[in-house]
Amino acid sequence: MIKPDAVRAGNIGNILQMVNQAGFRIVAMKYLHITKTQAEKFYEVHKERPFYGELTEFMSSGPIVAAILEKDNAVSDFRKLIGATNPAQAEEGTIRKLYAASVGENAVHGSDSDENAAIEGNFFFSGLEQF
Ligand code: GDP
């Protein structure tokens with residue numbers, strides 16, 4: 001996902017260019033504004049964390065770009081491309097280093113496993129929307 005902060009800052013194009021240049025194939029993509037309830041469902045695994053309310057408020061604060069990306073080693077390569085959760089600790093040249101402002105508003109989301117990538121992809125896209 002490209003998160004609401006990066007959308008508001010006008011960075012959709014820059015981020016998609018980096019994703020393309022890193023060799024990811026787009027399987028599915030959409031621009032949408034999720035509700036707080038939908039954000040709570042998406043981030044259910046974090047519901048005990050102290051930042052759950054702030055996170056789901058933020059994720060429903062404006063439109064996002066959701067996508068399914070394909071590549072060998074996609075999960076680990078995408079996490080390398082986006083950088084550490086906290087942009088202050090992200091490596092130079094990563095998406096979060098370039099475009100994120102804080103640990104909460106950190107420009108992009110990437111799945112943390114193949115299993116979660118499948119669950120998260122199916123959260124946003126039907127089979128008919130995946131190519
Ligand atoms: P990620 O896999 O790198 O996205 O990081 P996590 O799975 O640990 O956290 C999920 C998301 O929760 C992060 O991308 C942030 O948007 C948010 N988050 C994590 N830690 C904090 C925090 O301390 N404060 C706030 N407000 N949000 C956080």
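The values are calculated or read from the model by the stated rules, or taken from the named source; none is laboratory data. What you see is a predicted model, and the numbers here were worked out from it, not measured in a lab. Cβ: placed from backbone, ideal geometry, glycine included. Neighbour counts: every protein chain shown. For the accessible areas, the whole protein counts, side chains as well, though only heavy atoms, and no ligand, DNA or RNA atoms are used. Shrake-Rupley method; radii C 1.70, N 1.55, O 1.52, S 1.80 Å.
Residue-wise test of (1) at positive phi; (2) modelled with pLDDT under 95; (3) not polar (S, T, N, Q).
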position	(1), (2), (3)
Glu40	no, no, yes
Pro50	no, no, yes
Gly83	yes, no, yes
Thr94	no, no, no
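Six or more apart or on different chains, Cβ under 7 Å: which pairs go from a residue in the range 83-110 that's without any contact (Cβ under 8 Å) to a residue 12 or more places away in the chain to one that's more than 7 Å from the ligand (Cβ to nearest atom) and open to solvent by 50 Å² or more (accessible area, probe 1.4 Å)? Could you list them?
Close Cβ pairs satisfying both conditions: Ala90/Lys97; Glu91/Lys97.
Just give me the residues in the range 102-123 being open to solvent by 40 Å² or more (accessible area, probe 1.4 Å) and assigned to a loop (DSSP other than H, G, I, E, B), in sequence order.
Ser102, Val103, Glu105, Asp112
Could you pull out the residue among Gln21, Gln89 that is within 12 Å of the ligand (Cβ to nearest atom), among the polar types (S, T, N, Q) and loosely packed, with under 13 Cβ neighbours inside 10 Å?
Only one candidate passes the filter, namely Gln89.
Return yes when Lys47 is open to solvent by 70 Å² or more (accessible area, probe 1.4 Å), more than 19 Å from Ala101 (Cα to Cα) and without any contact (Cβ under 8 Å) to a residue 24 or more places away in the chain and no when it is not.
yes
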